[in-house]
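K.L.:
So that we are looking at the same thing, I have put the structure below in structure tokens.
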Amino acid sequence: MIRTLKSGATVETRAEGDRKVREVVETTLADIEARGDVAVRELSERFDNWSPTSFRLSPEDIERAMAEIEPQALEDIRFAQAQVRRFAEAQLASMTEIEVENSPGVILGHKHVPISAVGCYIPGGGYPMVASAHMSVLTAKVAGVKRVVAAAPPYKGSAHPAIVAAMHLAGADEILVLGGVQAVGAMAIGTESIAPVDMLVGPGNAFVAEAKRQLFGRVGIDLFAGPTETLVIADDSVDGLLCATDLLGQAEHGPTSPAALLTNSETLARDTEAAIAELLKKLPTAELARQAWEAYGEIIVCDSHDEMLQVANEMAYEHVQVMTENPDWYLENMVNYGALFLGPRTNVAYGDKVIGTNHTLPTKKAARYTGGLWVGKFLKTCTYQKVLTDEASARIGSYCSRLCALEGFAGHGEQANERVRRYGKQDVPYAGQVKA
């Protein structure tokens, strides 16, 4: 039997929050569309108190930012980027281009073509999310994207040196110190000073996520994403302190970040709840984590692993930390998740910062139909065809002509018929005279 010991905000409450965000974003994007740089500057002044001469950093600005970073911090950034690059390169190597003779004389194939220009958003208003530069900018560059624009909001009144360093080392072609809807809107729509991109990627707050949703179609996006979600699946092979640490470690992202424990041990559930109360007394980010846990935290107890699997697949959370006696069973059987973290030796923070997998992942049940950001998201798989012989063209044309007639597409049919006449030397009547 599945029973909930602690529940989060209702669907209705979450929907009302989404509605308010949607209205603000719609108005803001329309303003950027109408007034370009002027609107972007006013928005930046209003929300970030930031209005530099140029939002784009010069090479000298980047050099100054790099000089502010401690050598160990630079080494740590380079280490993390090496892990991300290595995994992205391995993913790219798995994507084979193909060309086959699909039928005699008919060649079909596909190529992987990099997107031309990508805008990467790196959050940095609350926390300077240095790792997001690795995940987006670097992965785009591994894929072969020629122009990568990276944008991050100012942090405490200036460009954050570590974010700038990470974007630069990852290979960003343009670096903007610009945040929020004004950043993603300017990159997607284009202004007098910012050329538009073809795709937007990267995490962000609810307003950034909604802006990407509204801009989808005008530009591509990586995925629909909302506040960070974490699900811990655990049995009594671990203790409440470890579960509490992993839940609050992600709840600190913000006051609307869901964190849930799914367990078959009511004792572990109670121990985790008690450990959370103790950790909230000493965690430096306890204010945010407490808000998230109180409003969006959940504890669900099941009788079996089969029940836990059912619930986990229904929840389709972004991060799923599995700490059970046999975590590989979940790897074999789970189908809806952003990323799995298997066993107590790993955790979501490793994936967020350094281990090498990408941390831009689906939320709000989008894991039912998509995975996270990866090198393949920056590539268009484009097909091509060629017909090598007259005989092949006439043969395919005969089938095509009849199928077009079946559907009533006379113009399509004539494309086929003209090839049959030319290459098959057959006297085919005009398509309008052909009956299905």
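K.L.:
Grab the Cα-Cα distance for TYR127 and GLU16, subtract it from 0.36 nm times how many residues apart they are, and report the gain in nm with one decimal. List each step's numbers first, then the result.
P.N.:
Values: separation 111, 0.36 × 111 = 39.96 nm, distance 2.61 nm.
Contour length minus the Cα-Cα distance gives 37.4 nm.
K.L.:
Take the alpha carbon gyration tensor of the stretch 8-68, find the square roots of its eigenvalues, order them as a ≥ b ≥ c, and report rounded if a/c is under 1.5; if not, report prolate when a/b exceeds b/c, else oblate.
P.N.:
Working: a/c = 3.94, a/b = 1.80, b/c = 2.18.
The shape class here is oblate.
K.L.:
ILE221's amide H: which non-local residues (gap 5+, or another chain) put their own amide H closer than 5 Å, with H modeled 1.01 Å from N in plane and none for Pro or chain starts?
P.N.:
LEU200
K.L.:
For the chain, take the longest principal axis of its alpha carbons; what is the angle in degrees between that and the long axis of helix 180-189, to the nearest 10 within 0 to 90?
P.N.:
So the helix axis and the longest Cα principal axis differ by about 10 degrees.
K.L.:
Would you work out which of VAL348, PRO123, GLN321 lies farthest towards the positive end of the dipole of the chain, given +1 charges on the beta-carbon of Lys and Arg and -1 on that of Asp and Glu, about the Cα centre?
P.N.:
Highest projection toward the positive end goes to PRO123.
K.L.:
Something else: Multiply the residue gap between ASP427 and GLU99 by 0.36 nm, knock off their C-alpha separation, and tell me the result in nm, one decimal place.
P.N.:
The span from ASP427 to GLU99 would gain 114.8 nm if fully extended.
K.L.:
Counting other C-beta atoms within 10 Å, and keeping those with at most 11, which DSSP coil chymotrypsin sites (Phe, Trp or Tyr not before Pro) do you find in the stretch 330-436?
P.N.:
On the way: sites: TYR330, TYR337, PHE341, TYR350, TYR369, TRP374, PHE378, TYR384, TYR399, PHE409, TYR423, TYR430; in loops: TYR337, TYR369, TRP374, PHE409, TYR430.
The qualifying sites are TYR369, TYR430.
K.L.:
Note down the net charge around ARG421, summing +1 for each Lys or Arg and -1 for each Asp or Glu among other residues with Cβ under 13 Å from its Cβ.
P.N.:
Working: positive: ARG419, ARG422, LYS425; negative: ASP390, GLU414, GLU418, ASP427.
Charge balance near ARG421 sits at -1.
K.L.:
Additional query: On C-alpha positions alone, give me the angle between the axis of helix 11-35 and the longest principal axis of the chain, in degrees, nearest 10.
P.N.:
60 degrees
K.L.:
Using the structure shown, list the pairs from LYS20/LYS212; LYS212/LYS353; LYS20/LYS365; LYS146/LYS377; LYS141/LYS364; LYS146/LYS380 with a Cα-Cα distance above 18 Å, or answer none. Intermediate values should be presented prior to the final figure.
P.N.:
Numbers: LYS20/LYS212 16 Å; LYS212/LYS353 23 Å; LYS20/LYS365 20 Å; LYS146/LYS377 15 Å; LYS141/LYS364 28 Å; LYS146/LYS380 14 Å.
Distance filter (> 18 Å) returns LYS212/LYS353; LYS20/LYS365; LYS141/LYS364.
K.L.:
Would you mind telling me the share, in percent, of accessible area of the chain contributed by carbon and sulfur at probe 1.4 angstrom? The partial results should precede the final answer.
P.N.:
On the way: 11120 of 21020 Å².
Roughly 53 percent, rounded to a whole number.
K.L.:
Still on this structure, I have one more. So how strong a dipole does the chain carry about its Cα centre when Lys and Arg Cβ are +1 and Asp and Glu Cβ are -1, to the nearest 20 debye? Please list the in-between numbers first.
P.N.:
Details: 41 positive and 56 negative charges, 317 e Å.
Dipole about the Cα centre, nearest 20: 1520 debye.
K.L.:
Tell me, what is the FRET efficiency for ALA274 and ARG147 to the nearest 0.05, using R0 = 60 angstrom and their Cβ-Cβ distance as r?
P.N.:
Numbers: r = 52 Å, r/R0 = 0.87.
Efficiency computed from Cβ-Cβ geometry: 0.70.
K.L.:
With r defined as the distance between the Cβ atoms of LEU241 and LEU108 and R0 fixed at 60 Å, what FRET efficiency is calculated, to the nearest 0.05? Could you put the intermediate results ahead of the total?
P.N.:
Values: r = 57 Å, r/R0 = 0.95.
After rounding to 0.05, the efficiency reads 0.60.
K.L.:
Quote the accessible area belonging to GLU266 in square angstrom, nearest 10, computed with a 1.4 Å probe and with ligands, DNA and RNA left uncounted.
P.N.:
80 Å²
K.L.:
Considering the dipole of the stretch 167-287 built from charges on the beta carbon (Lys and Arg +1, Asp and Glu -1) around the Cα centre, which of ALA172, ALA195, GLY240 is farthest to its positive end?
P.N.:
Going by the Cα projections, it comes out as ALA195.
K.L.:
Quick one: what are the phi-derived ³J(HN,Hα) couplings along the stretch 304-310, Karplus 6.51/-1.76/1.60 with θ = phi - 60°, whole Hz, x for glycine and proline?
P.N.:
In residue order, the calculated couplings are 8, 5, 4, 5, 5, 4, 4 Hz.
K.L.:
Taking amide hydrogens as modeled 1.01 Å from N in the peptide plane, which residues meet the under 5 Å criterion relative to GLY297, leaving out close sequence neighbours?
P.N.:
Answer set, sorted by chain and number: ALA259.
K.L.:
Nearest 20 debye, what's the magnitude of the dipole of the stretch 1-126 about its Cα centre given +1 on Lys and Arg Cβ and -1 on Asp and Glu Cβ?
P.N.:
560 debye
K.L.:
With +1 on the Cβ of every Lys and Arg and -1 on the Cβ of every Asp and Glu, and nothing else charged, how large is the dipole of the stretch 5-73 about its Cα centre, in debye rounded to the nearest 20?
P.N.:
360 debye
K.L.:
Of THR96, TYR296, ILE77, which is farthest towards the positive pole of the chain's charge dipole, taken about the Cα centre with +1 and -1 on the beta-carbons of Lys, Arg and Asp, Glu respectively?
P.N.:
Farthest along the dipole direction, towards plus: THR96.
K.L.:
To continue, here is another question. Could you provide, to the nearest whole Å², the per residue accessible area of the chain with probe 1.4 Å?
P.N.:
On the way: 21020 Å² over 436 residues.
On a per-residue basis, 48 Å².
K.L.:
To continue, here is another question. With all protein chains present and a 1.4 Å probe, how do LYS281, LYS353, LYS6 order by accessible area, largest first?
P.N.:
Values: LYS281 150, LYS353 100, LYS6 35 Å².
Result, largest first: LYS281, LYS353, LYS6.
K.L.:
Need one number: nm distance between label points at GLU294 and ARG56, each 7 Å from Cα along Cα→Cβ, rounded to one decimal.
P.N.:
For GLU294 paired with ARG56, the spin-label model returns 4.7 nm.
K.L.:
Please give the helix 37-48 orientation as an angle from the longest Cα principal axis of the chain, in degrees from 0 to 90, rounded to the nearest 10.
P.N.:
For 37-48 against the chain, the angle is about 20 degrees.
K.L.:
Rounded to whole Hz and in sequence order, give me ³J(HN,Hα) for the stretch 389-402 from the Karplus expression 6.51 cos²θ - 1.76 cosθ + 1.60, θ = phi - 60°, writing x for Gly and Pro.
P.N.:
After applying 6.51 cos²θ - 1.76 cosθ + 1.60, I find 10, 4, 4, 5, 5, 5, 5, 5, x, 4, 4, 4, 4, 5 Hz.
K.L.:
Also: Suppose the chain between GLU75 and GLU63 were pulled fully straight at 0.36 nm per residue; how much longer would it get relative to their current alpha carbon spacing?
P.N.:
2.7 nm
K.L.:
Give the peptides 148-161, 24-37 in descending order of average Cβ contacts within 10 Å, highest first. Present the calculation step by step, with values, prior to reporting the outcome.
P.N.:
Details: 148-161: 21.6, 24-37: 16.4.
Taking the mean over residues of other Cβ atoms within 10 Å, the ranking is 148-161, 24-37.
K.L.:
Take SER265, SER51, SER94 and sort them by solvent-accessible surface of the protein heavy atoms, 1.4 Å probe, largest at the top.
P.N.:
Working: SER265 15, SER51 55, SER94 80 Å².
Ranked list, largest accessible area first: SER94, SER51, SER265.
The values are calculated or read from the model by the stated rules, or taken from the named source; none is laboratory data. Not measured: the values here are computed from a predicted model. Every residue, glycine as well, gets a Cβ built from its backbone with ideal geometry; the counts of neighbours run over all protein chains shown. The area values use the complete protein model at the heavy-atom level, side chains included, leaving out ligands, DNA and RNA. Shrake-Rupley method; radii C 1.70, N 1.55, O 1.52, S 1.80 Å.
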